[in-house]
Every structure is written in structure tokens, then in C-alpha cells.
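The values are calculated or read from the model by the stated rules, or taken from the named source; none is laboratory data. Because the structure is predicted, anything quoted here is derived from the model rather than measured. All Cβ positions, glycine included, derive from the backbone under ideal geometry; neighbour counts span all protein chains shown. Accessible surface is based on the protein model in full, side chains and every heavy atom, while ligands, DNA and RNA are left aside. Shrake-Rupley method; radii C 1.70, N 1.55, O 1.52, S 1.80 Å.
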Amino acid sequence: AKNEGRNCFKYFSEELTRAARERIGTEFRLRQAIEKNEFRLFYQPQLCVGTGDIVGAEALIRWQTSGELIPPLKFIPIAEETGLITGIGNWVLNEACRQGKAWLDAGLPPIRIAVNLSPHQFLHNDICAIVANTLAETGFPAEYLELELTESALMKREKEAIDILNRLHDLGIHLAIDDFGTGYSSLAYLKSFPLDVLKIDKSFIDDIPMQSDDMEITATIIAMAKTLRMQVIAEGVETPAQMAFLSSRNCDFYQGYFASKPLPADEFESFLKQHRPL
Ligand code: C2E
Ligand code: CA
Ligand code: CA
Ligand code: CA
């Protein structure tokens, strides 16, 4: 038994070493990824539940390296911990605004573009100056930019967060709370933040219509958002039954595979053209 324990430990430490090595490798390659132009933005359409019109797109990062397309959950957490997120996040913001402006100039229907901001980006940089400069440099109108923030970013330093949000709001951009319902937010808490959009987390949508609890929670969140005069969008919508439910509860917008997966810019552009109202 003693031996077994030792083997087990050995196995465990080898695993740890491999994980640590992988992490260091990722961090190393991540440091060069911007210069090597390895990041891509994909765009996932956001549509009106009632009319099916496209109202926006969420910009989602991908990392194209050594022939692989790496999903964000494999590197964003490392970027966040190492502070590399600052450079990556600035790249995302700039690229989304540049692309948005190009689509506007090409005469495509104007849509909002939503960009994810990580807690580090939000709290450890002069994010207001960065956003203002990016809008000025790219010429993308502030009214078409939306920033998605998670509860963890807003909860960490509440007073400071409210101050930053107010300054961002004064620039004329939209502010959204992402993954709503997965943290500790309460109604009272939401009221003190200048937020325009509430995104219902996919985990509440997944089991509609099988789970009546999830349906009640979703309906309550929609009603609450309306009381607070926020627009409400459901994420991760995949089925007609989910759509029917959201429509019956007057959810404003939705996003999910039911309409489209996140698309590379050129494919998103085709999608947008096909959905152009006549
Ligand atoms: P998120 O902000 O909650 O983004 C939504 C995720 O759900 C995306 O995964 C999207 O592809 C996926 N999704 C959308 N609709 C459906 C659906 O109907 N079914 C299923 N199964 N999935 C759906 P993705 O692109 O892998 O991004 C994962 C997370 O990585 C994002 O979660 C966000 O937290 C983070 N992320 C992505 N891009 C950025 C970025 O530019 N900056 C930062 N800070 N984080 C990012
Ligand atoms: Ca998001
Ligand atoms: Ca989300
Ligand atoms: Ca989510």
C-alpha cells in the first residue's frame, strides 16, 4: 500500500509538471501571438426575438497557432492571470471597432458590436481612455459599441466599478452584464450600476422546456430587466422550443446556434447581407 501511495504521488507530480510545462509553453507563445498576428475575431449574430432582425454581434476571440484554432477558454484565463490580457484585450477592442467601421462604410445595416472585457482589463487600466482613443482612431461611432462585463469584474471594487461604468457610459457606449445569474447579483445591486443590457446565462436556457425551475428563473430575470428598463438577451439558444418560450415572455433578443454559430468576419458579412431587411 505504501508503494502504491508513492506511485500515486509520482503520477500526480508528473501530471502537475506536465500541466505546468504546458502552461509556461502557452504563456510563452501567447506573448508573441499579437506580433505574429495570430488572433482572429469571430462574430456571433444577436437577433430580435420578435422580428428576427439582426441587431448586433458579439466579437469572440480565437487563436490560430501552428495550424490549430484554439478556443478562448484555453488561453484567456492564462492571459488574465499573467496580465497579458491587457495587450490582447486592446487588440480585440481595436479590431472589433475597425471591422465595425468597415462594415458601416460598406453600407451594411448598422449593428452593435459587443466586446468582452475581462476583470483585469476593466480594473487595472485606464479603460475609459483606451476606449475613447480606440473610438477616435477607428472612427467607429460610440453608440454601436457595447462592452460586456461579468459580475466578478463589477463586484471586486464596487465603488470604483460604478465610477468607471459611469465614465464609459458618458462616452455614449452601451454596457451589458454578461453571464447574468451565475454570480451573486441581486436586484438591489443591479440598480446602482448604469447597465443597458442584461445577458441571461446559457445555463438557464439549456434545459428549457424540460426544467420548469429554469423557465421560472428566466421569466423572472426578463421581468426584472424590464422593470429596470434594461434590454434583455438570452444566450446559448439552440432550439425552437427555447425560442417559443422566450417569445412568450417577451425577451428582446437572442444569440445562439439556433440562428448561427460565431462566424469569421467574411461569413458574418454574408449572413448580415442575407438578413438585410427588404
Ligand atoms: P461568453 O462571453 O459567455 O461567450 C459565449 C460563448 O458561448 C461563446 O464561446 C460562444 O461560442 C458560445 N455559444 C454561443 N451560442 C451557443 C449555443 O447556442 N450553444 C453552445 N453550446 N455554445 C454557444 P467561446 O467563443 O468559446 O467563448 C468562451 C468565453 O471566452 C466567452 O464566454 C468569454 O468569456 C471568453 N471570451 C471570448 N472572447 C473573448 C475576448 O475577446 N476577451 C475576453 N476577455 N474574453 C473572451
Ligand atoms: Ca460574452
Ligand atoms: Ca456570456
Ligand atoms: Ca456564458
Open item on the list: Under the rule of at least 5 residues apart or a separate chain, name every residue whose amide H is placed under 5 Å from the amide H of E58.
Closed with: Q44, Q46, A114
Task: For the stretch 81-87, Karplus couplings with θ = phi - 60° (6.51, -1.76, 1.60), whole Hz, Gly/Pro x - done: 5, 8, x, 5, 4, 4, x
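Please report, in debye to the nearest 20, how large the charge dipole of the chain is about its Cα centre when each Lys and Arg carries +1 at its beta carbon and each Asp and Glu carries -1 there.
Charge dipole of the chain: 460 debye, to the nearest 20.
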Open item on the list: Quick check: convex hull of the Cα atoms in the stretch 1-158, volume per residue, rounded to a whole Å³?
Closed with: 187 Å³
Task: Per residue accessible area in Å² of the chain, where ligands, DNA and RNA are left out and the probe is 1.4 Å - done: 51 Å²
Open item on the list: Could you tell me which residue out of T227, S248, A259 lies farthest along the dipole of the stretch 214-263 toward its positive end? Charges go on the beta carbon: Lys and Arg +1, Asp and Glu -1, centred on the Cα centre.
Closed with: T227
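Report, to one decimal in Å, the Kirkwood hydrodynamic radius for the stretch 91-184 based on all distinct Cα pairs.
Working: mean 1/r = 0.0731 Å⁻¹.
Result for the stretch 91-184 stands at 13.7 Å.
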Task: Residues A244 and Q274, FRET efficiency given R0 of 25 Å [Cβ-Cβ distance, rounded to 0.05] - done: 0.60
- [ ] For K191 and A265, compute 0.36 nm times the residue count separating them, minus their Cα-Cα distance, and round to one decimal in nm.
- [x] 23.1 nm
Open item on the list: Leaving out ligands, DNA and RNA, and with a 1.4 Å probe, what % of the accessible surface on the chain is carbon or sulfur?
Closed with: 53 percent
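Using 0.36 nm times the number of residues separating A136 and E81, minus their current alpha carbon distance, what extension gain do you get? Write out the running numbers ahead of the final one.
Values: separation 55, 0.36 × 55 = 19.80 nm, distance 2.94 nm.
Length gained between A136 and E81: 16.9 nm.
Once R0 is set to 30 Å, what does the formula 1/(1 + (r/R0)^6) return for the Cβ-Cβ distance between D105 and T182, expressed as a FRET efficiency to the nearest 0.05?
Details: r = 37 Å, r/R0 = 1.25.
So the FRET efficiency works out to roughly 0.20.
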Open item on the list: What are the ³J(HN,Hα) couplings of the stretch 229-240, residue after residue, when phi is run through the Karplus curve with 6.51, -1.76, 1.60 and θ = phi - 60°? Round to Hz, x for glycine and proline.
Closed with: 6, 9, 7, 10, 10, 9, 10, x, 7, 10, 10, x
Open item on the list: What does the C-alpha gyration tensor say about the overall shape of the stretch 99-140? Classify as rounded when a/c is under 1.5, otherwise prolate if a/b is larger than b/c, or oblate.
Closed with: oblate
Task: Ratio Rg/Rh [Cα only; Rh per Kirkwood] for the chain - done: 1.01
TODO: Report the paramagnetic label zone for E158: residues of the stretch 191-212 whose backbone N is under 18 Å from a point 7 Å from Cα along the Cα-to-Cβ axis.
DONE: 191-195
Open item on the list: Show me, for the stretch 254-266, the HN-Hα J-couplings you get by feeding each phi into the Karplus relation (A = 6.51, B = -1.76, C = 1.60, θ = phi - 60°), rounded to Hz, glycine and proline as x.
Closed with: 8, 8, x, 4, 3, 8, 5, 6, x, 10, x, 3, 5
